[in-house]
Amino acid sequence: MKLVDGEKLGGECDDRPRIAVVGKPNVGKSSIINKLLGENRVIVSDIAGTTRDAVDTEIVYNGMPYVFIDTAGLRRKSKIKEELERYSIIRTVTAVERADIVIVVIDATEGVTEQDAKIAGIAHERGKGVIVAVNKWDSIEKTDKTIYEYTNKIKETLSFMPYAEYIFISAATGQRLPKLFELIDAVRQNQNLRVATGVLNEIMTEAVAMQQPPSDKGKRLKIYYMTQVAVKPPTFVVFVNDKELMHFFHYEYPKEKEHLSKARDMFCFMAFTSLRYSDLAALKPVNLVDGYLDFCTEKTDDKLHIALNEHAMKIIEKYSWYKGDTIFPVPSNQKLNDYLKEAAKLAGLDREISQVYFKGNTRYEDTYKFWEQISCHDARRTFVCCSLALGIPASVVMSCTGHSDYESMKPYIEVADETQKMQMEKCNTHQYKSGIMESMEKMTPAQLKLLFEYVKGIA
């Protein structure tokens, strides 16, 4: 095992797993890293909150490098009085965002607490792989049921993350510490898991056969297909015969909820144009040229030329009254996301979304309402998926989104391929259509008139 200075870590091609070690003050975060390293390089003290800054430490185990990020412990908000403590919390959140995997350290002598749940929630909300490490296990008097009881208690408190791995360790004695690397490798492998679209749809077909999809406003939802769109964590999209986007677009909010109407409009404009939030907020009148958006993206500085459809044009016209430097009065990203959830809830976008996790051979499922999960980022994904599903060539979609290679578009292209296959299968009905035409050709004018009157009556 070895240490590399924090400033030497990283790099454009750095693919080492990054592990943030988080938890309350004095639960043993630094002690764990020191024990793994074999050196006392991270400050350790019995005084809660000694480690104030995040520290990057490279540890090589069995020839494999791992970057551990030690953090300041999170105190209860009521105890945060100094700016230094506030800074420590920010550093902890930042460390979690930088990490691939988060080890949530719990003090075995205290048991799992509400504060532990809040800390674990930071990692959960950011889609990180999570390992729950119960430290100071050597200080616990045990029976043959102790681990079972502790595990059940933790799972009860952390019920929102049933996918998490659990390990009982001791930084003081080194008990089970090497097993941490095995768990890290397993979590990392699961994070990067990709499942072929064909396999996913076979599973989906079997699931639908066992249980029919729910009804939405009296209409049975039909599931067309599903595909994986991302890893870390694996993210799956299921396409159904629901017209949520256009329903959302046309929904009328009461006058006292005008801010929700604006939030909805901003989301729909992004969904109609593929814009990121940063580009939406920076969009100026000079970027509107003859029915197109001409601008350079804020994130990648790519120059894009995007045709505006009629729905996007209606939104622009709606806000022609705005006299600011930008086209739209766009709130902050966080505020817009908050408004979107409220707007989607009021609009009745409350269908259930299931997130399925596998731990070994055991299947777990979390269920959310659609409005609970909606954010600005969903608008861009909506544009890509809808465009490809409508048959728009991937090259055209890429010219709108700024994607530079097909690899990043591959999951979405698979969606288009599945759609094309299903549409082409409709050709199998040509004999039926031909039979109708043959029958009509044999009809007399009087019979044709009766047929047309009948069709007109039921149309």
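With respect to Thr326, determine if the residue is in contact with a Leu (Cβ under 9 Å, 6 or more places away or on another chain) and of a type in the set (S, T, N, Q). Don't jump to the end; show me each part of the working.
Values: in contact with a Leu (Cβ under 9 Å, 6 or more places away or on another chain): yes; of a type in the set (S, T, N, Q): yes.
For Thr326, the condition - in contact with a Leu (Cβ under 9 Å, 6 or more places away or on another chain) and of a type in the set (S, T, N, Q) - is met.
Does Leu200 fit the bill of being modelled with pLDDT under 90, over 19 Å from Ile106 (Cα atoms), crowded, with 16+ Cβ neighbours inside 10 Å and aliphatic (A, V, I, L, M)? Before you say what the answer is, go through the steps one by one.
On the way: modelled with pLDDT under 90: yes; over 19 Å from Ile106 (Cα atoms): yes; crowded, with 16+ Cβ neighbours inside 10 Å: yes; aliphatic (A, V, I, L, M): yes.
Yes, satisfied.
Residues of segment 293-313 being of a type outside the set (A, V, I, L, M, F, W, C), crowded, with 16+ Cβ neighbours inside 10 Å and out of contact with any Lys or Arg (no Cβ under 9 Å at 6 or more places or on another chain), which ones?
His311
If I go through segment 67-112 residue by residue, how many of them are under 24 Å from the mean Cα position of the chain (by Cα) and modelled with pLDDT under 90?
Number satisfying all stated conditions: 11.
Counting just the residues of segment 1-30 that are of a type in the set (A, V, I, L, M) and at pLDDT 50 or above, which one comes out surrounded by the most Cβ atoms within 10 Å (Cβ to Cβ)? Break it down stepwise before answering.
Within segment 1-30, the first condition is being of a type in the set (A, V, I, L, M), and the residues that meet it are 1, 3-4, 9, 19-22, 27.
From what's left, at pLDDT 50 or above: 19-22, 27.
On the way: Ile19: 27, Ala20: 27, Val21: 30, Val22: 28, Val27: 27.
Taking the candidates together, the pick is Val21.
I'd like the residue in segment 253-278 that is crowded, with 21+ Cβ neighbours inside 10 Å and aromatic (Phe, Trp, Tyr) and, out of all such residues, is farthest from Lys335 (Cα to Cα).
Phe272
Which of the residues spanning segment 287-344 are in a loop (DSSP other than H, G, I, E, B), of a type in the set (Asp, Glu) and without any contact (Cβ under 8 Å) to a residue 40 or more places away in the chain?
Residues satisfying the conditions are Asp290, Glu298, Asp301.
Just give me the residues in segment 138-185 being more than 31 Å from the chain's Cα centre (by Cα) and either more than 16 Å from Leu36 (Cβ to Cβ) or not assigned by TED's automatic domain parsing to the domain that holds Val22 (or both), in sequence order.
Selection gives Asp138, Ser139, Ile140, Glu141, Lys142, Thr143, Asp144, Lys145, Thr146, Ile147, Tyr148, Glu149.
The values are calculated or read from the model by the stated rules, or taken from the named source; none is laboratory data. As the structure is a computational prediction, the values presented were derived from the model and not from experiment. All Cβ positions, glycine included, derive from the backbone under ideal geometry; neighbour counts span all protein chains shown.
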